[in-house]
Each structure stands twice: as C-alpha cells, then as structure tokens.
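> Provided herewith is a single structure, encoded as structure tokens, for subsequent inquiry.
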Amino acid sequence: MEGAALGPRPPASVRVNDREYRWPREPLIVVCLDGSSFEYIREAIEAGAAPFLASLAERGLVRMVDAAMPTFTNPNNVSIVTGVPPARHGICGNFFLDRETGQAVMMNDARFLRADTILAAFSAAGAKVAAITAKDKLRQLLGAGLTGVCASAEQEGQPVYSAQLSEHVLRRGVELARTLKPDLMYLSTSDYVQHTYEPGSADANRFYAAVDGHLAALDASGAALVVTADHGMRAKTDARGCARIVFLQTLLDEAFGREAARVILPITDPYVAHHGSLGAFATVYVAAAEQVHAMIQRLGLASGIDLILRREAACDVFELPPDRIGDIVVCADRDTVLGARAADHDLGALHGPLRSHGGLAEREVPMLFNRRLEAAPARRMKNYDAFWMGLNGLAR
Ligand SMILES: [Zn+2]
C-alpha cells in the first residue's frame with residue numbers, strides 16, 4: 001500500500017496557540033538577524049555589499065514590522081517561534097522578580113515557557129524541523145518540545161564575541177537546507193556586530209555582505225525565505241561619545257529610601273561586553289503600593305525617559321505577562337539607556353561606545369521575503385508573524 005509506505009498523510013494545517021498554520025508546500029526557512037534595524041540593511045545595499053537583499057528590495061518584498069516589547073532578544077525570538085506576544089508565552093526578558101523570595105529569577109529555562117512553539121507542534125505532526133541559534137542561552141527555549149535538530153553556534157565551539165558566531169549559524173543553515181532539507185527551519189544570529197558597529201561602517205557592511213551570501217544560498221536551495229529581526233539597535237551616547245544612562249535605582253533610593261523599590265533590568269545576562277546590562281526597558285517593583293503614584297511622578301522629572309506606565313497599562317499596551325512585570329514599566333528614549341546604580345554596571349567591559357536596545361525606538365524592524373505576498377494579518381504586521389507569513393502569506 002502506497003499510503004503505508006509513505007507513513008501517515010500530513011495534516012492540511014497545524015493549530016498553534018490559536019493560530020492556524022498551513023502545512024509547508026515547500027521548505028520554509030525563517031531567519032532572525034539579531035539587532036538588524038533596517039538601516040544596517042539599507043546601508044549595506046547602498047554600498048553594493050548585499051546584492052541578494054538588494055534584489056528583494058527591488059522586487060518590493062520588504063515590509064516594516066513591529067517587534068514585541070520589550071525589544072530584547074529572548075522575548076522576541078520566543079515570540080517568533082510561538083507566533084504570539086510575551087503575554088501569551090511568558091518570556092518577557094532574561095529576569096523577573098519573584099516577590100515571595102525577593103530573588104531575581106532567570107527565565108532562560110524552558111520551564112518558564114507557557115506556550116507551544118510552532119517548531120515543536122510541526123515536529124509532533126511529522127514535519128522535519130531544525131533550529132540553529134547563535135548563543136546557547138536561547139537553545140533551550142527554542143528547542144522546547146522539539147524533535148529534530150536544535151543546536152547553538154556557541155555550543156559548537158564558536159567565540160561568543162564575534163561575527164563568526166552568526167556566520168556559523170547561517171553556514172549550518174545552508175548545509176542543512178542542502179542535505180536534511182527540513183520542512184521548517186529557524187536560524188537566529190547574535191547581535192555582536194550591531195552592538196559594536198554602526199550601520200554603514202566597514203565592519204557592519206562586511207558582516208552584511210557575508211549574511212547576504214548565505215541568504216542567497218538559502219534562496220538557491222529552493223526554500224521559501226522570511227528574514228526579520230528581534231529588535232533594532234541605537235547608539236546610546238551623547239555628542240562626546242559618553243553613554244547616556246538614567247540610574248533608576250539611585251534615583252528612587254535617593255527620593256524614597258533604599259528599601260522602597262527594586263529595579264529589574266531584564267536585559268541583564270552573562271554577555272555584559274555587549275551592553276553592560278544597560279537597555280532601554282526596565283521594570284520597578286514597589287514595596288508599598290501607595291507609593292507607586294509618587295514614584296511615577298518622580299520618574300517623570302528625569303530626562304531621557306520616553307514612557308512610564310503602571311503595570312496594568314504596560315501589560316495592556318505591550319502585551320506583557322502581568323505576573324512577571326513590576327508595578328511600573330519604564331522605557332528610555334532613543335538616545336538613552338536605563339541602569340540600576342552606577343556600581344552595578346561595568347562600562348569598562350564594553351567593547352566600544354554603548355549601542356543598545358529594549359525600548360520603542362528599537363521596535364521597528366524589517367521583514368523580507370523571497371516570494372510575492374498573497375496575504376497578511378489584518379493588523380500591523382509583527383516580527384512574530386514570520387512563520388504565519390511564510391506558511392500562509394506567500395505565493396509559490
Ligand atoms: Zn537581540
């Protein structure tokens with residue numbers, strides 16, 4: 001019997017987190033170019049360094065989309081592979097505060113994930129699935145429930161602070177696209193280059209030239225391709241090149257006393273040479289609820305702050321999980337980052353002038369396709385529509 005030899009027939013579609021995804025009619029590769037604001041791509045195209053990306057732009061296959069908030073790496077990578085925002089999947093940063101114990105808890109573990117990944121659901125339904133990430137911190141979250149290939153370039157021996165780490169991810173992807181030919185593949189790079197070099201610089205263009213070559217090879221494998229980013233990246237320095245930082249914990253300690261509030265910076269991770277734990281998004285846990293209002297007013301007097309919201313409003317507007325967010329959410333403006341106390345941040349560890357992300361200024365990112373668009377979600381497109389677009393939105 002032909003049917004028996006081929007195994008069970010795949011379903012027409014797979015439902016994941018209340019979204020319906022068509023079974024792939026051809027291999028689909030989703031690439032997340034970490035920290036790639038459109039400026040990096042535009043500059044590389046203008047310099048003649050990225051002919052493949054230029055060809056997509058010429059064919060009109062580029063859209064500007066919104067990243068999930070906060071515009072950090074893990075919340076957005078997890079949003080992309082689950083197709084839903086942090087309110088649904090639970091990963092809203094690298095840390096949250098456990099109010100019971102008073103301990104900052106790291107969320108890099110799959111047990112904090114509250115939603116299925118599209119990768120896991122398709123692998124359970126019989127699809128061949130692969131995921132390659134740059135840093136190992138993401139591998140566990142992306143690999144949750146996944147049967148198939150799941151590896152990180154860091155685990156495979158590549159140096160963390162290097163362009164090589166990202167190039168390794170893409171090279172592995174090209175290799176897999178040619179040999180294993182996964183039905184669904186997710187490739188996620190690191191933002192070392194973007195934290196270190198500005199758009200249009202020789203080093204950035206050199207990196208995007210390498211990326212462009214790998215993307216062209218992925219395209220040549222015959223797969224449908226969706227390329228997006230987890231967040232943008234901006235210089236966070238003044239005219240003299242000094243980092244512009246609002247030290248929130250110091251500010252609140254001075255105004256309300258040392259035990260009144262606890263500032264959590266969800267960008268904090270072991271890779272401090274990228275950003276010194278300084279990002280544009282912070283959340284404040286307040287000891288006495290009646291002080292929330294006064295603290296919001298005090299924070300409103302500081303310069304360099306874009307937005308201050310109570311938890312309920314922030315969760316509503318930014319689709320965040322209320323139990324993993326403090327009483328107050330603070331976003332720094334486009335030129336500024338948020339810190340706790342000066343002593344908590346080792347600016348000497350940074351590899352260059354501070355470039356970072358996390359707020360609204362780093363929210364808009366590009367999404368590029370190698371097929372014509374046939375459909376799109378009925379709202380402004382998000383980066384976490386990447387798999388939906390790849391499976392439901394592209395012409396063959
Ligand atoms: Zn990132």
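The values are calculated or read from the model by the stated rules, or taken from the named source; none is laboratory data. As the structure is a computational prediction, the values presented were derived from the model and not from experiment. Virtual Cβ from ideal backbone geometry, glycine too; neighbours counted across all protein chains shown. The protein model used for the area step is the full one, side chains on, heavy atoms only, and it has no ligands, DNA or RNA in it. Shrake-Rupley method; radii C 1.70, N 1.55, O 1.52, S 1.80 Å.
> Scanning for something part of a helix (DSSP H, G or I) and open to solvent by less than 40 Å² (accessible area, probe 1.4 Å), does region 297-305 turn up at least one residue?
Scanning region 297-305 turns up at least one residue that is part of a helix (DSSP H, G or I) and open to solvent by less than 40 Å² (accessible area, probe 1.4 Å).
> Could you tell me which of the residues Tyr40, Tyr21 is at pLDDT 95 or above, closer than 16 Å to Asn392 by Cβ and of a type in the set (Phe, Trp, Tyr)?
Working: Tyr40 fails: closer than 16 Å to Asn392 by Cβ.
Exactly one residue qualifies, and that residue is Tyr21.
> Any residue in region 351-370 that's in a loop (DSSP other than H, G, I, E, B): show its pairings with residues that are surrounded by 23 or more Cβ atoms within 10 Å (Cβ to Cβ) and of a type in the set (Asp, Glu) at Cβ separation under 9 Å, as long as the two are six or more apart or on different chains.
Filtered contacts from region 351-370: His357/Asp191; His357/Asp230.
> Another question, then. Against the condition in contact with a strand residue (DSSP E or B) (Cβ under 9 Å, 6 or more places away or on another chain), modelled with pLDDT of 95 or more and within 16 Å of the ligand (Cβ to nearest atom), how does Phe281 come out, does it pass?
Against the criterion (in contact with a strand residue (DSSP E or B) (Cβ under 9 Å, 6 or more places away or on another chain), modelled with pLDDT of 95 or more and within 16 Å of the ligand (Cβ to nearest atom)), Phe281 qualifies.
> Kindly indicate the residue of region 183-199 that is open to solvent by 20 Å² or more (accessible area, probe 1.4 Å) and either more than 22 Å from the chain's Cα centre (by Cα) or among the hydroxyl-bearing types (Ser, Thr, Tyr) (or both) and also farthest from the ligand (Cβ to nearest atom) among those meeting that condition.
Asp183
> I'd like to check something: does region 307-317 contain any residue that is in contact with a helix residue (DSSP H, G or I) (Cβ under 9 Å, 6 or more places away or on another chain), under 30 Å from Lys135 (Cα atoms) and of a type in the set (Lys, Arg)?
Checked against the condition, which is being in contact with a helix residue (DSSP H, G or I) (Cβ under 9 Å, 6 or more places away or on another chain), under 30 Å from Lys135 (Cα atoms) and of a type in the set (Lys, Arg), region 307-317 yields no hits at all.
For every residue, the table says whether it meets (1) surrounded by fewer than 21 Cβ atoms within 10 Å (Cβ to Cβ); (2) within 30 Å of Glu154 (Cα to Cα); (3) within 24 Å of the chain's Cα centre (by Cα); (4) of a type in the set (D, E, K, R).
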{"position": "Thr268", "(1), (2), (3), (4)": "no, yes, yes, no"}
{"position": "Gly276", "(1), (2), (3), (4)": "no, yes, yes, no"}
{"position": "Gly279", "(1), (2), (3), (4)": "no, yes, yes, no"}
{"position": "Thr283", "(1), (2), (3), (4)": "no, yes, yes, no"}
{"position": "Ala289", "(1), (2), (3), (4)": "yes, no, no, no"}
{"position": "Ile308", "(1), (2), (3), (4)": "yes, no, yes, no"}
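> Could you pull out every one of the helices (runs of 4 or more DSSP H) wholly within region 25-132 that has 2 or more residues that are within 16 Å of the ligand (Cβ to nearest atom) and open to solvent by 10 Å² or more (accessible area, probe 1.4 Å)?
38-46
> Is region 235-243 home to any residue that is within 16 Å of the ligand (Cβ to nearest atom), open to solvent by less than 30 Å² (accessible area, probe 1.4 Å) and either among the hydroxyl-bearing types (Ser, Thr, Tyr) or touching a Ser or Thr at 6+ places or on another chain (Cβ under 7 Å) (or both)?
The answer is yes; a qualifying residue exists.
> Right, next: Name the residues in region 368-396 that are surrounded by fewer than 21 Cβ atoms within 10 Å (Cβ to Cβ) and of a type in the set (A, V, I, L, M), would you?
Once the filter is applied, which keeps residues that are surrounded by fewer than 21 Cβ atoms within 10 Å (Cβ to Cβ) and of a type in the set (A, V, I, L, M), region 368-396 yields Leu373, Ala375, Ala376, Ala378, Met381, Ala395.
> Determine if region 210-221 includes at least one residue that is touching a Cys at 6+ places or on another chain (Cβ under 8 Å), β-branched (Val, Ile, Thr) and within 15 Å of the ligand (Cβ to nearest atom).
No.
> Another question, then. For region 145-179, which residues satisfy the criterion of being surrounded by 15 or more Cβ atoms within 10 Å (Cβ to Cβ) and in contact (Cβ under 8 Å) with a residue 40 or more places away in the chain?
If the condition is that a residue be surrounded by 15 or more Cβ atoms within 10 Å (Cβ to Cβ) and in contact (Cβ under 8 Å) with a residue 40 or more places away in the chain, then Val160, Ala163, Ser166, Glu167, Leu170, Arg171, Arg172, Gly173, Val174, Leu176, Ala177 are the ones that fit.
> Could you please give the count of residues in region 322-359 that are surrounded by fewer than 21 Cβ atoms within 10 Å (Cβ to Cβ) and more than 14 Å from Thr283 (Cβ to Cβ)?
Total satisfying the criteria: 15.
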